[in-house]
Amino acid sequence: MHTLKTIVNFIDGLSERVGSVVSWILLCLVALSCFEVFTRRVLGSPTIWTHEILSYIFCATIMLLMGYTQLYKGHANIDVFLGSMSKRKQVILEVVTFVIFAFPFVLVMLWDGIIFAATSWMMQERTPSAFNAIVYPAKTLIPVGFALLFLQLVADFIKKIVYLVKGEEL
């Protein structure tokens, strides 16, 4: 039991730390957006690179915050049936949906994301724009994000199983 609690606390802590770091990246996103508006509207001289960088930063935040969002139960959820069920039945249904839907989806996305990123690294892929930015580091965030989500799903799954077996929450 102590080992499971250590694993869950490590994963929850990792998700929390990643969320804290990425929140600072969101500030960069806001600052860069303000810079672009200023250069475009006030100076009349838009940049060619800002839009692409904003897109990459925005996508990075989405990918890296998937595990953090799972930690705080922020993903879209339809709980039409859960409201009328007992806590135990809710947990059983959540375990079943983890096994049938969440784990297979995340594992497929993780595997395909690895292939997608590896292909981009092998090609040394760049954008076909005037800015010609490198793409492969951004594409690497896809499997990283899904790995973080998978870890948080594992932690949540362990919490649910412990609740079903022991009747206590981790």
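Read-outs: derived from the displayed coordinates by stated rules, not from any lab. Everything numeric here is computed off the predicted structure, so don't read it as measured data. With ideal geometry, Cβ positions are generated from the backbone for all residues, glycine too; neighbour counts draw on all protein chains shown.
Before moving on, here are some points about what is shown:
- The simple spin-label model puts a point 7 Å past each Cα toward its Cβ; for residue 48 and residue 6 those points are separated by 5.5 nm.
- Candidates 129, 15, 120, ranked by Gaussian network fluctuation over the chain, Cα under 10 Å, top entry: 129
- Spin-label pair residue 131/residue 27, simplified geometry with 7 Å Cα→Cβ offset, distance in nm: 2.2 nm
- The fraction of all Cα pairs in segment 1-148 landing in successive 10 Å bins from 0 to the largest distance is 10, 27, 31, 20, 9, 3, 0, given as whole percents.
- Residue exposure sequence - 148, 43, 32 - by fewest surrounding Cβ within 10 Å: 43, 32, 148
- Taken along the Cα-to-beta-carbon direction at a fixed 7 Å, the label points for residue 79 and residue 16 span 2.1 nm.
- Residue of 154, 37, 144 that the Gaussian network model of the chain assigns the largest fluctuation, springs spanning Cα pairs under 10 Å: 37
- Computed from Cα atoms, the angle from the helix 50-64 axis to the main principal axis of the chain rounds to 10 degrees.
- Sequence of 79, 12, 112 once ranked by neighbouring C-beta atoms within 10 Å, starting from the fewest: 79, 112, 12
- Applying both filters, DSSP loop and at most 14 other Cβ atoms within 10 Å, to the trypsin sites (Lys or Arg not before Pro) of segment 29-100 gives 73.
- Max mean-square fluctuation residue, GNM over the chain, Cα-Cα springs under 10 Å, options 60, 130, 155: 130
- Cα centroid separation, segment 138-164 to segment 73-104: 16 Å.
- Neighbour counts of other Cβ atoms within 10 Å put 92, 57 in the fewest-to-most order 92, 57.
- Across the cross-link table entries 73/160; 89/160; 73/166; 73/139, which are compared at the Cα atoms, the separations over 20 Å belong to 73/166; 73/139.
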